[in-house]
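The values are calculated or read from the model by the stated rules, or taken from the named source; none is laboratory data. Here the structure is a predicted model, which means the values were calculated and not measured. Note that each Cβ is placed from the backbone with ideal geometry, even for glycine, and that neighbours are counted across all protein chains shown.
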Amino acid sequence: MKNKTLEEKLYTLKFKPDIYSHLKANQEFCKNCESKVCTTICPANVYDWLDAEQKLVINYENCLECGACRIACPHSAIEWRYPKGTCGVTFKKS
Ligand code: SF4
Ligand code: SF4
C-alpha cells in the first residue's frame, strides 16, 4: 500500500475553530525560556516566537489536540484545555 503524502493525510482532518483560543501561555515565562521547544515540537506549527516583539503567537486554529506542547514546555507555561463544544479538530476516516 502506497504511503500517503502530507496533503493526503491533512485531507483527513477537519477544523472548526472556536472564536477563543483554547491554548494560553504565560508570556513572562516565554520571554525567559531558552529552548522555546513549543515552536519545534508542535506538529501543526501552532507556536511562533516573535523576537522583535518578545511575544509568543499561538495559532490555535491549527491545533491537532495532541497535547505534546503541554508535556514538553519546561516551565509549565501552557494553559491547555480542549476547544469547547463541537469546536476543534475532527479526524475523518480515510
Ligand atoms: S516552551 Fe513553554 S515557556 Fe517556552 S516559549 Fe514555549 S510555551 Fe513559553
Ligand atoms: S496540542 Fe499538539 S497540535 Fe496542539 S498546539 Fe500542542 S503540540 Fe501543537
query = When you look at K4, is it modelled with pLDDT under 95 and part of a loop (DSSP other than H, G, I, E, B), yes or no?
reply = yes
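Yes/no per residue for (1) within 10 Å of ligand 1 (Cβ to nearest atom); (2) under 24 Å from I19 (Cβ atoms); (3) touching an Asp or Glu at 6+ places or on another chain (Cβ under 7 Å):
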{"position": "C33", "(1), (2), (3)": "yes, no, no"}
{"position": "Y47", "(1), (2), (3)": "yes, yes, no"}
{"position": "Y60", "(1), (2), (3)": "no, yes, no"}
{"position": "L64", "(1), (2), (3)": "no, yes, no"}
{"position": "P74", "(1), (2), (3)": "yes, no, no"}
note = By residue number, the members of the range 36-87 that are closer than 16 Å to L13 by Cβ, among the β-branched types (V, I, T) and away from ligand 2 (no atom under 11 Å from the Cβ) are T86
ask   = Quick check: anything in the range 25-38 loosely packed, with under 15 Cβ neighbours inside 10 Å, modelled with pLDDT of 95 or more and under 12 Å from the mean Cα position of the chain (by Cα)?
value = no
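Those residues that are loosely packed, with under 15 Cβ neighbours inside 10 Å and either within 9 Å of ligand 1 (Cβ to nearest atom) or of a type outside the set (V, I, T) (or both), I need them from the range 49-58; list them, please. Lay out the reasoning, then the answer.
Within the range 49-58, the subset loosely packed, with under 15 Cβ neighbours inside 10 Å is 50-55, 57.
L50, D51, A52, E53, Q54, K55, listed by residue number.
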